[in-house]
Each structure stands twice: as structure tokens, then as C-alpha cells.
Amino acid sequence: MQMEPFCSRVRGPGPVPAGRAQPCGARLRALERGDVGSLIRWVNDAAVMLYLSQAVAYPASEGDGCRWLEELSRSHTERVFAIETLEGRLVGSVGLHAIRWIDRKAELALMIGERDCWNRGYGSWAVRETLRRGFEEMSLRRIYLRVASDHDAAIRVYRKCGFQSEGLLRKDRYVGRGYADTLMMSVLKEEFAAGENGARTAQD
């Protein structure tokens, strides 16, 4: 099963530090073998995969998912975090991919797989928490992403988390029944830190 990175790496993060706000009632944890059923259901859902349509050769099976997780468990350039509610429901995944340790950069990708959890704050919180871990714990300097230029909801989330536009790849990806441009976005460590400090000051 060949998938564009929306999640990867079996080994995941530790608990969120005490006192850190989780406004959407979520946490990040490692992906586990028991998550494969949900992952495969999501990648076989056309609505979920609309903007990831070039990522998966349909249909994907549970065996494909298990083999994929096994391969990712041996990777030194991928990190995956499962997004889970505090009640223990898996709702999506967020990952840092193509990590270049010398250049201290990585590509971020997000997927909220449960449709009833769209537009409820899980994506924004998961992106911010992943950026914090990438910059503070992994010593990354730059985190970038690619997103369909007409995926307005995702772009709003990324801008809110500090990402800035860098450029446009014209007619770069197939979405639905036509081709769309891909927007390149990135955030630097100091930009994210400034945004987090500003948010904390506003709350004081």
C-alpha cells in the first residue's frame, strides 16, 4: 500500500506536559496495530481522501495497513502521532515526514478521518502540538507542508497555526475530477515561538 504521508512511524510521543491547554479535549499518542482498521476505513473513504486522492491505490486492505506500519516502524525519517479524544476514540493522525536531520526540517501532514469530528478543533490543536514537539523536542528549524490551493478549511487551520505561503505549484495534483494547484506553506521555529508567546500574553 503506497500512501502519501498523512501518518507514519509506529513509535509516538509521550504525554502532553502538565498544564498545557487541550481546548478540543484531545491527546497525541503512538499509532498501534489496533488502529489499522480505522486507518484503512479512512483511506477507503472518498470524502476523507478527496484532497489526498493521489496518495492511495484503492482499495487498501487491513493487511496492507499492517505491512505499512511495520515498514514505518523501522524508519528514521518519519514520526507519527495518533490523534485521540480523552475518551480514547481515534479521530485522525498527524505526522512529520521526510525529516532531514542535518537541515533540521520536515514536512507536516494531517488527516482527521472521522467525519463527525471535522471542524471541531482537533486539527488545529494537533498541528500546534506537533509543531511544538518538532521545534522544541526534535530541534527542527523549519516545518513545511503542501495543500491543495482550493482546500480553504485546511489553509485556514495552517495559517492560524503560523504557516505562511511560499509559492504555488500549478496543476500539481488531481482532486475529484480535475487538477488543482498545490500551495506550499512553511513556518520557522522562531515564528512559531513568537506566535505561541503572543497567544500566552493575550490570555494573561
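The values are calculated or read from the model by the stated rules, or taken from the named source; none is laboratory data. On a predicted model such as this, the values are computed, not experimentally measured, just so you know. Positions of Cβ are generated from backbone atoms using ideal geometry, with glycine treated the same way; all protein chains shown enter the neighbour counts.
Residue by residue, here is whether (1) among the acidic types (Asp, Glu); (2) in contact with a helix residue (DSSP H, G or I) (Cβ under 8 Å, 6 or more places away or on another chain) holds:
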position	(1), (2)
Asp64	yes, yes
Ile99	no, no
Lys105	no, no
Leu110	no, yes
Met138	no, no
(message) Please count how many residues of segment 96-113 are closer than 19 Å to Gly25 by Cα and either free of Cβ contacts under 8 Å to residues at least 40 places away in the same chain or in a strand (DSSP E or B) (or both).
(response) 3
(message) Out of the residues in segment 131-171 meeting the condition of being β-branched (Val, Ile, Thr) and touching a Gly at 6+ places or on another chain (Cβ under 8 Å), tell me which one is surrounded by the fewest Cβ atoms within 10 Å (Cβ to Cβ).
(response) Val157
(request) Determine which single condition Val91 fails, assuming it passes every other condition in (1) surrounded by 15 or more Cβ atoms within 10 Å (Cβ to Cβ); (2) more than 14 Å from the chain's Cα centre (by Cα); (3) within 18 Å of Gly123 (Cβ to Cβ). (result) (2)
(message) Filter segment 168-204 down to the residues that are on the phi > 0 side of the Ramachandran plot, of a type outside the set (Lys, Arg) and modelled with pLDDT of 90 or more and list them by number.
(response) none
(request) Return the only residue of Leu168, Leu140 being part of a loop (DSSP other than H, G, I, E, B) and not acidic (Asp, Glu). (result) Leu140
(request) Would you please list the contacts, defined by Cβ atoms under 7 Å and residues six or more apart or on different chains, that run from a residue in segment 153-174 that is small (Gly, Ala, Ser) to a residue that is in a strand (DSSP E or B) and surrounded by 13 or more Cβ atoms within 10 Å (Cβ to Cβ)? (result) Ala154/Val147; Gly162/Val187; Ser165/Leu183; Ser165/Met185; Gly167/Met184
(message) Suppose we filter Arg104, Arg11 for residues that are modelled with pLDDT of 80 or more and surrounded by fewer than 20 Cβ atoms within 10 Å (Cβ to Cβ); which single one remains?
(response) Arg104
